[in-house]
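What follows draws every value from the coordinates through simple rules; no lab data is involved. Since this is a predicted model, take the numbers as computed values, not measurements. As a convention, Cβ positions derive from the backbone with ideal geometry for all residues, glycine included, and neighbour counts pool all protein chains shown.
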Amino acid sequence: MSNKNSFMLTSVGEFSNLKAKPGFKKSKSFLCFYKNSFESNQVTKIGISINSKLCNAVSRNKIRRWIKSAYRDSEDNLQHKGLDVLFVLSKKCQIDRLSFIKVKKEFNFILSNI
């Protein structure tokens, strides 16, 4: 990929595309909304949303880094699916029990079922 964060959903148009009748998957820690890509380049992009009331900024950023790393590890499998995927941290998630291995396992579980 040419840009460091070219796999991230960043624009308002990309997020608003997900609001109109998205697909939905759920795991223990995440809610996942997905839809065919807003752009025509067939690159899977991800967005991450973590409510600030769930945990402090350090924990939110750590979880974001874990999700981005899980994406990079499985990027070859997702490259040509052409999806926009939004991961939302569940309110019922126990953040103190979350680990990189658990995040990666749930990430792969959700994306294998899309």
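Assorted remarks:
- For the stretch 101-114, 3J(HN,Hα) per residue [Karplus equation, 6.51 cos²θ - 1.76 cosθ + 1.60, θ = phi - 60°, Hz, x = Gly/Pro]: 5, 5, 4, 5, 5, 5, 4, 5, 4, 5, 6, 6, 9, 7
- For the chain, projected area of the alpha-carbon convex hull averaged over all directions, nm²: 6.9 nm²
- Counting Lys and Arg as +1 and Asp and Glu as -1 over every other residue whose Cβ lies under 9 Å from the Cβ of ILE46, the net charge comes to +1.
- When each of LYS53/LYS105; LYS81/LYS104; LYS53/LYS81; LYS35/LYS62 is checked by Cα-Cα distance, pairs over 22 Å: LYS53/LYS105; LYS53/LYS81; LYS35/LYS62
- Between SER37 and LEU83, ASP84, the built amide H atoms are under 5 Å apart, and every one of these is 5 or more places off in sequence or on another chain.
- Close amide H partners of GLY47, meaning residues 5 or more places away or on another chain with modelled amide H under 5 Å apart, are LEU9, VAL85, LEU86, PHE87.
- In the chain, the sites counted are trypsin sites (Lys or Arg not before Pro) in DSSP loop states with at most 15 other Cβ atoms within 10 Å, and the longest stretch holding none of them, exclusive of the sites, is 54-80.
- Here the Karplus relation 6.51 cos²θ - 1.76 cosθ + 1.60, evaluated at θ = phi - 60°, turns the backbone of the stretch 88-99 into coupling constants of 10, 5, 5, 5, 8, 5, 8, 5, 5, 9, 7, 9 Hz, with x for every Gly and Pro.
- From helices alone, the chain scores -11000 deg cm²/dmol at 222 nm; the rule is -39500 (n - 2.57) for each run of n ≥ 4 DSSP H residues, then divide by the residue total.
- Here the dipole of the stretch 12-112 is about 540 debye; that uses its Cα centre as origin and unit charges on the Cβ of Lys and Arg (positive) and Asp and Glu (negative).
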